[in-house]
Amino acid sequence: MLRFIFTRLLQAIPVLLVVITVTFFLVRFAPGGPFDGERKVDPSVLKALEAQYNLDQPLITQYFSYLGDLIQGDLGPSFKYPGRSVNELIGAGFPITAELGIYAILVALAIGGCAGVLSALKPNSTRDYVSMSAAMIGICMPAFLLGPLLILIFGIWLEWLPVSGWGDLPGDKVLPSLTLGAVYAAYVARLSRGGMLEVLSQDYIRTARAKGLPEHVVILKHGLRAGMLPVVAYLGPAFAGILSGSFVIESVFQIHGLGRFYVLAAFNRDYTLIMGCTVFLAALIILFNLFSDVLAAYLNPRLRSQLGGKS
Amino acid sequence: MTSQAENLTNIDQFESGRSLWQDAWSRLKRNKLAIIGLSLLIFIGLVCILTPWIAPYSYEHQNLALGATPPSAQHWFGTDNLGRDLMTRVMYGGRVSLAVGLIATAVALTIGVTWGAIAGYTGGKVDTIMMRLVDIIYALPFMIFIVLLMVVFGRSLLLLFLAIGAVEWLTMARIVRGQVQTLRQLEFVEAAISIGLSKATIIRRHIIPNALGPVIVYTTLTIPNVMLLEAFLSFLGLGIQPPQSSWGVLISNGVEGMEEYPWLLIFPGLALSIVLFSLNFLGDGLRDALDVRASKD
Amino acid sequence: MHPPHLRAIELLRTLMRQTSPKQTLHRLLISTLALTSLTLMACSNGETRVESGNRDGIFHVENSAEPQSIDPHVSTGVPENNIILALFEGLVSKDPADLTPVPGIAERWEISEDGKTYLFYIRENARWSDGEPITAHDYVWSWSRSLNPQMANEYAYMLFPLKNAEPYATGKMDNFDEVGVHAISDRILKVELENPTDYFLQLLDHHSTYAVPKHTILKYGSKTDRFSNWTRPGNMVSSGPFRLKEWDIYKVLKVEKNPYYWDKDTVSLNEIHFYPIENFSTAERMFRVGQVHKTFEIPLNKVDVYRKENPETLRNEPYIGTYYYQFNVTKPPFDDVRVRRALSLAIDREAINHSVMFGVVEPAYTLTPPGASGYEPPKLISFDPEEARRLLAEAGYPNGEGFPEVELLYNTNESHRKIAVAVQQMWNENLNLNIQLLNQEWKVYLASRNNLDYDIARAGWIGDIVNPINFLDLGLSSNGNNRSGYNNPAYDELILKTIPESATKEERLANFAKAEEIILNEMPFVPIYTYKTKYLLDPSVKGLTPNFMDYYSYKHVTLGN
């Protein structure tokens, strides 16, 4: 097992290198530079600006000096925000996005898990149809619609919760977490329903029931543990998706997280910030995918043997 | 756990493919919801195909003096700020959205399933390289990628499908690979190997049909994603240009005025939801119909 | 009646007492719901941020974007300017109502007969926000920084009227001593100009001409270091009515009253909080629930609602900017002036204002907004489809026949899109032309315009100063902001020679009108509308006088009912 993880981590190095290289050149060849604005910058000023950011050197030299700095953990200065380093920006934005992501996952697990399990206990009942239809709505309701809708209901009509912010006013973390969690709750509901249905039809559950164990013990102790496997395996990619996809929520709710930095950096052609965010998120995505593969392998007896064979 | 006996029946059934599909169809016919879904989809599809002949107005016709009006006898779905008939625009938008949804999903499905099945079945170095490639594409900045694609290839609808397909196949590949890895260990596949069937035949005959369940479910989830992604790509300048529209674009414009002109959000949203629910019921029905084990219960 | 949270606790207790195992899952679900509603109810609180702000003298301002830099010699955008106006003050300031120059850091000034030499007398009690005195030497040092080529200051040209400033800034001259600014004493600054420049005093209220604290800048880096930390809270020292207190990136930037400001008794606010919000709908919602006093811009959809229900909160005043379409005049069919005129005459600007823009702009028939420093531009165009058809036929496209396929380029934005769709339809109905629309993401759009890679493009120009020259400059062949390929030597001559050499004000105004006439006849730019400010302002905010430049004099702002 350890060897499997170690191999995968080693494989991550070339993967990251490819991501860095491709992104570096992709970003440079995209039309429009970081200093283009409504007003055209005077050529002499532009030259001085480019010299300050070493943009006047050959691209390949810039590439290697970027790699050199990266190895030392230096992601460079931001183009858009003079005086701020990319490290500082990521350091400021990531904890917020991560916190939002964790709450969203918890919401997804709580709502989605409950709905999925309840559906699975009585498949093809009204309850099942209602909760699965709700899940479908969750999936098809994009965050840019659900967010403003929830704000309108709870923030403006009922005046229960703040309409924006993060950590300023009491309760302002509720709506963003709910909104971001909703989509994933829907997926979790479908996955856990499927998983539970599969498990509940298996022999050992029948055995447990036959032994006369109370129904809730059967479900909670034996059923959930195995029935949640697909959900657990889904958590890795879901968390990665939440981290890189939180922009809409952060924009609608005015949250100062990494998602906003990343997307605005792309719009602004803030080369170093795009690179920094990409590298950082790529590393996280690789880690989460690894985590999900390991977990899936570990929990799945058929694959565990395969892993054992490798190590 | 499936027993040895059941696995033998499995082999029999997949050897004679036609009976499997006939079986599935007769099971599907018994599923009321799936049939409702299928009929709705056919209905909406027909409306969209016939739109140029049956639409009440032309999609770019404006009436600036009229402005945004709620649903009325002349305009069943109301009009937008420029006085354009919303029903007409939803009908024309459906053509774009359905085309994008179906074609882009088909692209994603083809690449994703093939990629995942090969990686999962072959294993070893091939698997490693293929899946790390997936990791790489996952991590690239999508927006910059699209902008660059546009510069290199210009704007075209084909590019739109490719761009969407290019991101949507990744998760599909991961899902299929996981399924295939599990299936490969099963006895009936090993039996097929021992008979001496070729790799391609085994993947096509035994692996893919058995991995269909999750693939179908995920596909029904992908289609709405794709339709909404199209709205974002239109924002970047790829995809359709005004005065043409799509459901995704109509919805994202509708959100801006959801308090003042709710009908501009409700009708396109309703259209998208109906398609989505129908697809989902049909997807669930198909999965149950194709699942040999479930049919034994 | 019980308070809601007590009711919820009661409900939870009841649930706990029930022990039927079959209902475990139900209980779980219900308690989750109960807990959620408990949290929700506990969260609603009485006072809004606007109310507490009015009590504590804190002005909450929504400022659209995260400021890139608040160094006056680096900054470029409007959100940055809004913050710098609170932090710094110019040598000369502006009257918030009519924008005429009023004393700022300089208490008075003298102008020589020939209009080329200025003497500024700096206030005795002018202080940096750390108590250090502001001197004439600070200005010499600051302007040498602002003009330094190493600084790459995009607005360095604001100082170009100074003698030898341009050669110094473009690296043709190394010795700053030869540039026309010198300190005669600690309190007297002598400025020499290249030519008499009637708007020179206005320039002294632009941030690229502000004095910056030498002692602080050198403490945290070199003179021309753009990446310096001197603009961080705790480090930054400024000259205006407020000083930097806190800066949470992408969240809020707070400034507090500067106790060393020379006119601190006028300042009524204790703090101003600037919130960077790109999403105008989010900003409007924050305004509606009382989280901000002022928004940056109101979403168009909301205009009618506010006009009907809260007209007193909607600010919609003339603003010095023009929204226009430009032609790529270097290639057919727009190399033909008749085609350009035809397309311009076929646009119903009134309809665009009323139906698309909800009446929050002013239809434009001239490039220069009317009323800029006493100048009334000649109105030579109108909505005339008849004449438009005639011109198009004359150009060889009767009833639009044989017209090549062309595209109208705009950057992705709700109102740009709506205007483009409406104009497309007008051209179709009035001229039978089929013009395609093309939207591009901002930076791509800029690149397309810079490279003349378009047929027709949307554009906009906001004046830096109140002077027609600032708009008429756009038609200069040498101006990088022209971007239409328009090149008319006679026009260049008029702008570069005749106007600066005009002897009297009347002569200058007549020459402006001549230039305007050329532009409107040749039509490289099609004016669509003149901007107006459109934002929401809480009625408790007093003293934020509306003006042509949307210039904010925060020191005159008071809060209260």
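The values are calculated or read from the model by the stated rules, or taken from the named source; none is laboratory data. Everything quoted here is computed from the prediction, not taken from an experiment. In this analysis, Cβ positions are derived from the backbone assuming ideal geometry, glycine residues included, and neighbour counts consider all displayed protein chains. With ligands, DNA and RNA removed, areas are computed over all heavy atoms of the protein, side chains included. Shrake-Rupley method; radii C 1.70, N 1.55, O 1.52, S 1.80 Å.
Things to note:
- For region C:474-479, 3J(HN,Hα) per residue [Karplus equation, 6.51 cos²θ - 1.76 cosθ + 1.60, θ = phi - 60°, Hz, x = Gly/Pro]: 4, x, 5, 5, 8, 7
- In order along region A:193-198, phi translates into HN-Hα couplings of 4, x, x, 5, 4, 4 Hz, rounded to whole numbers, per the Karplus curve 6.51 cos²θ - 1.76 cosθ + 1.60 with θ = phi - 60° and x for Gly and Pro.
- Comparing C:Ala86, C:Pro233, C:Ile184 along the charge dipole axis of chain C, the residue lying farthest to the positive side is C:Pro233, per the Cβ-charge model.
- Anisotropy class of chain A from Cα gyration tensor, a/c 1.5 cut: oblate
- Residues considered: B:Leu50, B:Leu98, B:Leu250. Largest GNM mean-square fluctuation over chain B, using C-alpha springs under 10 Å, is found at B:Leu50.
- Dipole-positive endmost among A:Ala186, B:Ser198, A:Gly138 within the protein assembly as shown (Cβ charges, Cα centre): B:Ser198
- Residues in chain C average 39 Å² of solvent-accessible surface per residue, probe 1.4 Å, ligands and nucleic acids excluded.
- Region B:54-78 and region A:74-105: distance between their alpha carbon centers, rounded to Å: 47 Å
- Look at the alpha carbon pairs under 8 Å that are at least 6 residues apart: their mean separation over the length of region A:75-177 gives a relative contact order of 18 percent.
- Complex-versus-alone comparison for region B:60-77, residues with a loss of 40 Å² or more in accessible area, probe 1.4 Å: B:Gln62, B:Leu64
- With helices as the sole contributors, chain A gives -22500 deg cm²/dmol at 222 nm; each DSSP H run of n ≥ 4 counts as -39500 (n - 2.57), and the sum is divided by every residue.
- Chain A: most fluctuating residue of A:Leu213, A:Leu161, A:Leu200 per GNM, C-alpha cutoff 10 Å: A:Leu213
- In a simple Cβ point-charge model (Lys, Arg +1; Asp, Glu -1; nothing else charged), the protein assembly as shown has a dipole of about 5720 debye relative to its Cα centre.
- Where labels lie 7 Å past Cα in the beta-carbon direction, separation of A:Ile102 and B:Leu102 in nm: 4.7 nm
- Debye, to nearest 20: dipole size of region C:300-348, +1 on Lys, Arg Cβ, -1 on Asp, Glu Cβ: 160 debye
- The protein assembly as shown - share of DSSP beta bridges that are antiparallel (%, nearest 5): 80 percent
- Phi to ³J(HN,Hα) by Karplus 6.51 cos²θ - 1.76 cosθ + 1.60 over region C:406-423, Hz, x for Gly, Pro: 10, 10, 9, 9, 8, 8, 4, 5, 3, 7, 4, 5, 4, 4, 4, 5, 5, 5
- Charge dipole magnitude, Cβ of K and R +1, D and E -1 - chain C, Cα centre, debye nearest 20: 2560 debye
- Surface composition of region B:74-129: carbon and sulfur make up 75 percent of the accessible area, probe 1.4 Å.
- Scaled against 2.2 N^0.38 Å for its residue count N, the alpha carbon radius of gyration of the protein assembly as shown is 1.02.
- Cross-link pairs A:Lys40/A:Lys80; C:Lys264/C:Lys542; C:Lys443/C:Lys534; A:Lys80/C:Lys223; C:Lys219/C:Lys245; C:Lys190/C:Lys497 - those with Cα-Cα distance over 23 Å: C:Lys443/C:Lys534; C:Lys190/C:Lys497
- Principal axis extents of the Cα atoms in region C:282-344, from largest to smallest and rounded to whole angstrom, are 54, 21, 21.
- Normalised by the number of residues in region A:1-86, the average gap of Cα pairs under 8 Å and 6 or more apart makes the relative contact order 16 percent.
- MRE, 222 nm, helices only [DSSP H, n ≥ 4, -39500 (n - 2.57), over chain B, to nearest 500]: -25500 deg cm²/dmol
- Unit charges at the beta carbon, dipole of region C:340-415: most positive-side option, C:Val360, C:Asn411, C:Tyr375: C:Tyr375
- Quotient of Cα Rg and 2.2 N^0.38 Å for chain C, N being how many residues it contains: 1.15
- Choice from A:Lys40, A:Lys173, A:Lys80 with maximal GNM fluctuation in chain A (Cα, 10 Å cutoff): A:Lys40
- Rg(Cα) / (2.2 N^0.38 Å) computed for region C:462-561, rounded to two decimals: 1.45
- Seen from a random direction on average, the alpha-carbon convex hull of region B:77-192 projects onto 10.8 square nanometres.
- FRET efficiency, C:Glu405 to A:Glu38 (Cβ-Cβ, R0 35 Å, nearest 0.05): 0.80
- Remark: region C:243-363 is approximated by an ellipsoid whose semi-axes, taken from the C-alpha gyration tensor as √(5λ), come to 41, 21, 15 Å, largest first.
- Pair-distance profile P(r), taking every C-alpha pair of region C:446-485, with 10 angstrom steps and integer %: 28, 54, 17, 1
- Shape category assigned to chain B from the gyration tensor of Cα positions, a/c cut at 1.5: oblate
- In summary, the lysines within cross-link reach of A:Lys211, defined as a Cα separation below 30 angstrom excluding same-chain residues under 8 places away, comprise A:Lys122, A:Lys221, B:Lys296, C:Lys22.
- Over chain C, DSSP H runs of length four or greater, each weighted -39,500 (n - 2.57), average out per residue to a 222 nm ellipticity of -9000 deg cm²/dmol.
- Region C:364-518: C-alpha gyration tensor shape, a/c 1.5 cut-off, then a/b vs b/c: prolate
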